[in-house]
Structures are given as structure tokens and as C-alpha cells.
1. Which residue out of Leu87, Leu96, Leu54 is among the hydrophobic types (A, V, I, L, M, F, W, C) and open to solvent by 80 Å² or more (accessible area, probe 1.4 Å)?
2. Mind checking whether some residue in the stretch 62-74 is touching a Ser or Thr at 6+ places or on another chain (Cβ under 7 Å), of a type in the set (Lys, Arg) and open to solvent by less than 70 Å² (accessible area, probe 1.4 Å)?
3. When the residues of the stretch 1-24 are filtered to those that are of a type in the set (D, E, K, R) and within 20 Å of Trp44 (Cα to Cα), which remaining residue is surrounded by the most Cβ atoms within 10 Å (Cβ to Cβ)?
4. Please specify each residue of the stretch 50-80 satisfying the condition of being in contact with a helix residue (DSSP H, G or I) (Cβ under 8 Å, 6 or more places away or on another chain) and either assigned to a helix (DSSP H, G or I) or among the β-branched types (Val, Ile, Thr) (or both).
5. Within the stretch 55-77, track down each residue that is free of Cβ contacts under 8 Å to residues at least 24 places away in the same chain and within 14 Å of the chain's Cα centre (by Cα).
Amino acid sequence: MKEESIFLDVVGDSPTMRVLQYLIEGRGLDYSLTDIAKNAGVSWVTLHKVFLKLIKYAMVVKTREIGKAKMYKINEKNQIAKYFIELYDMLIMQELSKVAKSQKIEVNA
């Protein structure tokens, strides 16, 4: 069963947004294209189409190569990527705040 995502609910559930969400959630870490396709829930062919756009706009960067595998991560210096990261974080904090209020727990942001 597919887990609901507040981020995808707001920005739309598309392959591009699923890939971005996966990279945002794991920011700071790098991933192979195989890992990204599997964990973002997109096909290999679709990932390649999506990745061309993300590279074109410098939203992802290649970090290193391990054998034949090229590793990528979200480019936290890119203004567009920063916007999506901020949106993601804001949505998560908003959702946590709602849960905390319903359980009467204090959340410090």
C-alpha cells in the first residue's frame, strides 16, 4: 500500500515530484539511478526522462562514481531546489504541528 505524502498532495503526484521528494528526504546522501528509480517508485525509462530535466536545471548534481554507477544528490545550492526543499520542510513542520496539537505536544521549530 502506498504511503500518503503531504508534499505530493500539494505539488502533485508526478514522477518528477516523486524523484524530488526522494532526493529531498535523503538530502546530504547520494544515490545511484537504480536506487532513485526503485525508491521513488518510477520506471527506469521514466527516470531517465525526468533526470534529463533535473540535470538541465542543475537541480541534481553528480557526486561520484562507484564502479560503473554514477551517484547523484539534490543540489542544495540551486535556487529552484532550495525552493522545493523549503516547501517540503514547511509542509512537514505544518503537519507535525497539527499532530502535536491533536496530542497536546509542543513542537519547537
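The values are calculated or read from the model by the stated rules, or taken from the named source; none is laboratory data. From a predicted model like this one, the values you see are computed outputs, not experimental measurements. Glycine also receives a Cβ, built like all others from the backbone with ideal geometry; neighbour counts cover every protein chain displayed. Protein only, heavy atoms only, side chains kept; ligands, DNA and RNA dropped before computing areas. Shrake-Rupley method; radii C 1.70, N 1.55, O 1.52, S 1.80 Å.
1. Matching residue, one of Leu87, Leu96, Leu54: Leu96.
2. Yes, the conditions are met somewhere in the stretch 62-74.
3. Checking each candidate, the answer is Arg18.
4. Passing the criteria: Val50, Phe51, Lys53, Leu54, Val60, Ile74.
5. Across the stretch 55-77, the qualifying residues are Val61, Asn75.
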